[in-house]
Amino acid sequence: MDLFTIQNLIPFYSIILEGSAGLGISVLAVRMIQKYRSRPQPATIPLLITLVGYSLAAFTAFSGKVLDFYSSVPQSVISFSGYFNNLSYIGIGIANIALIYFTMVVFREVNERLLLYFTFIEAIVVGTIIEVNSFVYGSYSDTFLSIIGIAALSLFANLWLVIESLKARSQSEERLSRTGFFFIAIFGISLTLVFVFFGLDVVTIQLGGPGFSIFYVLAWFMTFFASFSGYLGYTMPNWFRKILSLE
C-alpha cells in the first residue's frame, strides 16, 4: 500500500493528512494547557477551545475515513465518513464561537448579545448541515451546502480577528506585542484560507474530478499552520522569545 492507494473512494493520503493535523493541533492544545497552568490568562481558554474544535474536526474526519477505507461495505450502503463529518462540523462550529469570544476578550469588551446571536446562527447552520448530511452518503456528502454555510460564519469570525489584530499591531510600539499581534492575524488569515482551499477542492468535484485534490492537501496543511500561528502569537513561548531577541 502506498500513499495514493484508494479503497472505497478514500485515498490513503487523506487519512494521513487528517490524522497528522489532528495530532499536531492536539499537541499545541496540550502546550497551551501547560501555559495556562503556569500563567492563567482569561483569553487562553477560548483560544484553547478553538484549537480543540479544529482538532475534533480533524480526528472525526480521520476516524470516518479510516472506517470507510478498511470497510468491505460500500459507502452507498454505510458511509462512516458522512456520519463522522457531522461531528467535524460541530467541532468547527464550536471553534468559531470560541474564536469570536477570544477576539472580544483580547481586543474588545465581551458583547454577550452578539455572542448569543452568533451562537444561535451557528447552531442553525450546523444543525441544517447535519440534517442534510444524514440522508446522503459519501465522504463529502452535500459539500456545497456544508462549505458555504460553515465558510460564511468562519469568514466573519476569522476576518474580525484579523482586523482587530492588525489594528492593535499598528497601535503598539513594543516589539514583542507587535509580533504577537502579527501572528494572531496570520492565524485568522490562515483559517480563512482553509475554507478557500476546501471550496476550491469542491469546485474540482463540480468539474468532474474525484476531489481530494492539491487544494484538499493545502487545506489541512493550513489548518495546522493556522493553529501553530495562533499558539505562537498568543502564548509567545520562551524559545520563540529568544529567537526574536537574537534578531
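The values are calculated or read from the model by the stated rules, or taken from the named source; none is laboratory data. Source: prediction; values computed, not measured. Please note: Cβ atoms are built from the backbone with ideal geometry, for glycine as well, and neighbour counts cover all protein chains shown.
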| For the range 169-247, which fully contained helices (runs of 4 or more DSSP H) count at least 2 residues that are surrounded by fewer than 18 Cβ atoms within 10 Å (Cβ to Cβ) and over 21 Å from the mean Cα position of the chain (by Cα)? | 175-206, 238-246
| note | Counted residues in the range 1-54 being surrounded by 19 or more Cβ atoms within 10 Å (Cβ to Cβ), more than 16 Å from the chain's Cα centre (by Cα) and of a type in the set (A, V, I, L, M) come to 4
| said: If a residue must be surrounded by fewer than 17 Cβ atoms within 10 Å (Cβ to Cβ) and either modelled with pLDDT of 70 or more or assigned to a helix (DSSP H, G or I) (or both), how many such residues does the range 122-141 contain? | reply: 6
| Condition met for Phe195 (in contact (Cβ under 8 Å) with a residue 40 or more places away in the chain and among the aromatic types (Phe, Trp, Tyr)) | yes
| field | Identity of the residue in the range 155-168, within 20 Å of the chain's Cα centre (by Cα) and surrounded by fewer than 21 Cβ atoms within 10 Å (Cβ to Cβ), that ends up nearest to Tyr117 (Cα to Cα) | value | Phe156
| said: Would you confirm whether or not the range 109-127 contains a residue that is within 17 Å of Leu153 (Cβ to Cβ), of a type outside the set (D, E, K, R) and in contact (Cβ under 8 Å) with a residue 40 or more places away in the chain? | reply: no
| query | Hey, among the residues in the range 66-95 that are more than 12 Å from the chain's Cα centre (by Cα) and surrounded by 24 or more Cβ atoms within 10 Å (Cβ to Cβ), which one's farthest from Leu17 (Cα to Cα)? | reply | Ser79
| Among Ala21, Ala57, which is part of a helix (DSSP H, G or I) and in contact with a Gly (Cβ under 7 Å, 6 or more places away or on another chain)? | Ala57
| request: Answer with yes or no whether Ser63 is under 20 Å from Leu23 (Cβ atoms), modelled with pLDDT of 90 or more, touching a helix residue (DSSP H, G or I) at 6+ places or on another chain (Cβ under 7 Å) and surrounded by 21 or more Cβ atoms within 10 Å (Cβ to Cβ). | output: no
| Right, Ile150: modelled with pLDDT under 90 and among the β-branched types (Val, Ile, Thr) or not? | yes
| message | I'd like to verify a number: residues in the range 98-108 that are part of a helix (DSSP H, G or I) and without any contact (Cβ under 8 Å) to a residue 60 or more places away in the chain, how many? | response | 4
| task | Inspect all residues belonging to the range 76-95 and state whether any of them is over 25 Å from Ile130 (Cα atoms), in a helix (DSSP H, G or I) and of a type in the set (Phe, Trp, Tyr). | result | no
